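To keep things clear, I will list the structure first and then write my remarks on it.
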Amino acid sequence: MRRLLLALAVLLSMITAALGQERFDFKVREDMFAGFDGDTAAFDRAMKLIADTLARHPDHAQALVWRGDGRLFLAGQAFRRGALTEGRRLYGEAMADLERAVALAPSDIAVRIPRATGLQPFARGMRPFDRAEADRLTRIVIADLEFVLTASTSFWNATHNRGELLGALADSWLQLGEPVKAKAYLDRMTGELPDTSYAKNAALRLADPAAKAPLTCLGCH
């Protein structure tokens, strides 16, 4: 989960910095990512900061979307240890946070990207157990990323920005079993990002949609 979140968090950082938006994620994401890697204390700090922010500002959309991502992480942990009732409760709370955040700030890239990056890996993990719900979540991811693609056109000329966004869209369509729709983004990766790892891996996936070549987090580490 952290791999994809880090990839698109870098994209979020570059785009929202260019837009001059308030950056709540600067305050919370490092602890949140450390928590996803197993640092419980860091995760608790992130969730406390979010809770304190929401106590003061209940309609803080950026805090809500990060709480939703945190709750998705906790839901995944609960499902993995077999605590299904707890997992379903946390999943419901997470989705309520994510949906409310976007309802409050539908045009805020700093809300749409964290929702997409939280839902995409969660949907991937859910797919073997509930294909219909995983597909529904993936379509939300696509809608968020296509919004970002349109809204941020003048700010994503950097290779990494463009590659991560196009790669995430292509990967989402492939997860849905829609190689024709994925091809539009894979073609853009090969055409707009020549001589890069994005173009190379996109070409591999064009030749074989089931290939293991990753389409995101290329050059993140």
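Readers should treat all values here as calculations from the given coordinates under stated rules, not as data from a laboratory. This one's a predicted model, so the numbers in the text were calculated from it and none came from an experiment. For neighbour counting, all protein chains shown are included, and Cβ atoms are generated from backbone atoms with ideal geometry for every residue, glycine included.
Bridgeable lysines around Lys200 (alpha carbons under 17 Å apart, same-chain partners fewer than 8 residues away excluded): Lys183, Lys212.
Helix check for the chain. Which DSSP H runs span at least 20 Å along their own axis by Cα, with a mean Kyte-Doolittle hydropathy no less than 0.5? Span-like helices in the chain: 2-19. Under the criterion of Cα pairs below 8 Å and six or more residues apart, the relative contact order for the range 157-221 equals 34 percent.
Taken over the Cα atoms of the chain, the convex hull encloses 115 Å³ per residue. The protection proxy used here, the mean number of other Cβ atoms lying within 10 Å of each residue, ranks peptides 97-110, 48-61, 115-128 as follows, highest first: 115-128, 97-110, 48-61. Per-peptide packing, taken as the mean over residues of other Cβ atoms within 10 Å, places 139-149, 178-188, 206-216 in the sequence 139-149, 178-188, 206-216 from highest down. Distance from the alpha carbon centroid of the range 201-219 to that of the range 42-78 works out to 33 angstrom.
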